[in-house]
1. Please give the calculated 222 nm ellipticity per residue for the chain, where each DSSP H segment of at least 4 residues contributes -39500 (n - 2.57) and the sum is spread over every residue; nearest 500 deg cm²/dmol?
2. If you place +1 on the Cβ of every Lys and Arg and -1 on the Cβ of every Asp and Glu, how big does the dipole about the Cα centre of segment 55-118 come out, in debye to the nearest 20?
3. Kindly sort Ile101, Ile83, Ile113 by accessible area of their heavy atoms, largest first, with the probe set to 1.4 Å.
4. For Gly104, enumerate residues with amide H under 5 Å from its amide H, sequence gap 5+ or separate chain, H modeled in the peptide plane.
5. Which angle from 0 to 90°, rounded to the nearest 10, does the C-alpha axis of helix 57-70 make with the longest principal axis of the chain?
6. Once you compute Rg and the Kirkwood Rh from C-alpha atoms, what is the Rg to Rh ratio for segment 1-128?
7. Please report, to one decimal in angstroms, the Kirkwood hydrodynamic radius of segment 49-112 built from all distinct Cα-Cα pairs.
8. Kindly rank 102-109, 67-74 from highest to lowest mean number of other beta carbons found within 10 Å of each residue.
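The values are calculated or read from the model by the stated rules, or taken from the named source; none is laboratory data. Because the structure is a prediction, the values reported are computed rather than measured. Note: ideal-geometry Cβ built from the backbone for every residue, glycine included; neighbour counts use all protein chains shown. Calculation scope for accessible area: heavy atoms of the full protein, side chains included, ligands and nucleic acids excluded. Shrake-Rupley method; radii C 1.70, N 1.55, O 1.52, S 1.80 Å.
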Amino acid sequence: MAETARARWGDSAQWAEYAERSATRTPDDWRALVGPMRDLVDELAEAKRAGVAAGSETANTLAERHRAALSEYFHCTPSMHVITGRLALTEPGMADTYDRIEPGLAAWLSHVIDENARSHGVDPETAVWE
């Protein structure tokens, strides 16, 4: 997946930011990032199973935590978060990764991200990579 990401975004400012941050991270630093993200994905799955509605305070809080987790790799605005949420649906393997944890999680997460973006004044239909 890293090679696919590099091929797609290797010339972007976000890739440069990711590479700069990555260069100084130790194995312990990486574990400190990955573990909480796994825990967050489990919480997202539980929220979906519990019927948490997109746009609710709980869903928005989870979406913001997800955006903050991505921002550990590169600065992620609400508009950019919408686009990454869509990638969870369209990138080969990403939807499968989420949906193996909880069927329909990728679509639910994308919808939650879209509704959270609206609360920040971003129209998901016109979201751009900034």
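1. -22500 deg cm²/dmol
2. Roughly 120 debye, rounded to the nearest 20.
3. Ile101, Ile83, Ile113
4. none
5. 10 degrees
6. On the way: Rg = 14.5 Å, Rh = 15.2 Å.
Looking at segment 1-128, the ratio lands at 0.96.
7. Details: mean 1/r = 0.0830 Å⁻¹.
In segment 49-112 this quantity evaluates to 12.0 Å.
8. Working: 102-109: 19.4, 67-74: 16.2.
Top to bottom by mean Cβ count within 10 Å: 102-109, 67-74.
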